[in-house]
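Input: a single structure, listed below in structure tokens.
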Amino acid sequence: MQKVALPDVEGLGHCTAYAYKGTSQSWLTQLLSPALIDWLARSEDDFGFELANGVFCAGRDSYVADEAGLTTLCEEA
């Protein structure tokens, strides 16, 4: 894995991105679209996601068990 440079956008200070070595720069540019960058900048600091084998996985830093927390997570994802 290698760290991917994210644009210098206010609100992205809590974000990091990684990609497998050899990932196409063109694909990363399309993935890290302005819409995605805006979404990340508005997300909670403990929100994270992964695109693994074509499956989108979202989560929080801690276990989410209450209905309101799960609803919020699903809405953000």
Can you run down the residue pairs with Cβ atoms below 6 Å, 6 or more apart or on separate chains, where the first is in region 54-77 and free of Cβ contacts under 8 Å to residues at least 12 places away in the same chain and the partner is assigned to a helix (DSSP H, G or I) and surrounded by 10 or more Cβ atoms within 10 Å (Cβ to Cβ)?
Val64/Leu70; Val64/Leu73
Give me the pairs: first residue in region 1-24 and free of Cβ contacts under 8 Å to residues at least 24 places away in the same chain, second residue surrounded by 10 or more Cβ atoms within 10 Å (Cβ to Cβ) and part of a loop (DSSP other than H, G, I, E, B), beta-carbon distance under 6 Å, and six or more apart or on different chains, which are they?
Ala17/Leu6
Please specify each residue of region 1-20 satisfying the condition of being open to solvent by less than 70 Å² (accessible area, probe 1.4 Å) and either out of contact with any strand residue (DSSP E or B) (no Cβ under 8 Å at 6 or more places or on another chain) or among the hydroxyl-bearing types (Ser, Thr, Tyr) (or both).
Pro7, Val9, Gly11, Leu12, His14, Cys15
Do we have any residue at all in region 21-40 that's in a strand (DSSP E or B), open to solvent by 50 Å² or more (accessible area, probe 1.4 Å) and charged (D, E, K, R)?
no
Please determine whether any residue of region 47-70 is loosely packed, with under 10 Cβ neighbours inside 10 Å, among the small types (Gly, Ala, Ser), on the phi < 0 side of the Ramachandran plot and part of a strand (DSSP E or B).
yes
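The values are calculated or read from the model by the stated rules, or taken from the named source; none is laboratory data. Not measured: the values here are computed from a predicted model. Cβ atoms come from the backbone with ideal geometry, glycine included; neighbour counts cover every protein chain shown. We work out accessible area using only protein heavy atoms, side chains counted, and drop any ligands, DNA or RNA first. Shrake-Rupley method; radii C 1.70, N 1.55, O 1.52, S 1.80 Å.
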